[in-house]
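Below: one structure, written as structure tokens.
Please treat every number below as a calculation from the coordinates, not as lab data. In this text, all values refer to a predicted model and were calculated from it rather than measured experimentally. Counting neighbours? That spans all protein chains shown, and the Cβs are built from the backbone with ideal geometry, glycine included.
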Ligand code: C5P
């Protein structure tokens, strides 16, 4: 898998995203579109950003019955995204249905990755509210193994988990890691962070970087710094 920096375009309007992307005259960054932008701007935003030549990770984290997920994935595949995701908690049947829906007639399909446990879910809440007794790191690895068995390409995880995921699932199983900050930058609300260089060292395949680029005084320079540190 090619290493790349994915820019989280967490904006709530089409105008804001385009004002941001217009700053890039030479590069075409890989862009992450999340629920906020997708729900406010609709599927056209995907088509328009794609038309501008960007790769797209559509981060909608699907979780529903297998038939609904299969049909929804078919729609996303027709939108020609490059990567999308779902919750591994939806079980193997749902993940297999997702692959079926995503696969185009010519056999190609976007990269499909799974969310294991959200980083906002603590071990305590998992035990008390979800009645899952196992330690959270075991749950993350177990869900990654389930995703791999179902035929998915990888998982979203913290950079700190990426190494373990590769050890257990192999190096070709993709790790997509948010929570990236420059050594001299603000951490904001992220708790466990890594620099792009550290994420590279630990073996992340893709880093997802939002505010350190979108809120920088010079977003293009911040993006280039990220690429230089992570891809080299
Ligand atoms: O601005 P920042 O670099 O923190 O953005 C990180 C992006 O990655 C956001 O879009 C956030 O929703 C997403 N993300 C995350 N942690 C996760 C999963 C997704 O920060 N565990």
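Rounded, prolate or oblate: pick one for segment 83-159, where a ≥ b ≥ c are the square roots of the eigenvalues of its C-alpha gyration tensor, a/c under 1.5 means rounded, and failing that, prolate if a/b is larger than b/c, else oblate.
It comes out prolate by the Cα gyration axes.
Quick one: compute the contact order of segment 122-232, relative version, from alpha carbon pairs under 8 angstrom and 6+ residues apart, as a percent.
It comes to 20 percent, rounded to a whole number.
Principal axis extents for segment 1-99, Cα atoms only, whole Å, descending order, please.
43, 31, 21
Subtracting the Cα-Cα distance from 0.36 nm times the residue separation, let me have the gained length for residue 48 to residue 36 in nm, one decimal.
2.7 nm
In whole percent, what relative contact order does segment 1-118 give with Cα contacts below 8 Å and a gap of six or more residues?
The normalised contact order for segment 1-118 reaches 22 percent.
Treating only the Cα positions of segment 131-232 as identical point scatterers, give the base-10 log of I(q)/I(0) from the Debye formula at each q in 0.10, 0.11, 0.16, 0.17 Å⁻¹.
Scattering profile of segment 131-232, log10 relative to I(0): -0.30, -0.36, -0.70, -0.77.
Can you give the translational diffusion coefficient of the chain in µm²/s, computed by Stokes-Einstein from the Kirkwood radius over Cα pairs at 20 °C and 1.002 mPa s?
D = 118 µm²/s.
Highest mean first, how do 52-60, 199-207 rank when packing is the count of other Cβ atoms within 10 Å averaged over residues?
199-207, 52-60
Given the options 18, 38, 30, state which has the largest fluctuation in a GNM of the chain using a 10 Å cut-off (strictly under) for Cα springs.
Ranking 18, 38, 30 by mean-square fluctuation puts 18 first.
Of 218, 133, 106, which has the largest mean-square fluctuation in a 10 Å C-alpha GNM of the chain?
With Cα springs under 10 Å in the chain, the top fluctuation among 218, 133, 106 is at 106.
Pop a pseudo-label 7 angstrom from the Cα along the beta-carbon direction at both residue 64 and residue 122 and give the gap in nm to one decimal.
3.3 nm
When only C-alpha pairs under 8 Å and at least 6 residues apart count, what is the relative contact order of the chain, in percent?
Computed over the chain, the figure is 20 percent.
Counting helices only, and only those DSSP H runs with n ≥ 4, report the 222 nm mean residue ellipticity of the chain as the sum of -39,500 (n - 2.57) divided by its residues, in deg cm²/dmol to the nearest 500.
Taking each H run of at least 4 residues, the total per residue is -13000 deg cm²/dmol.
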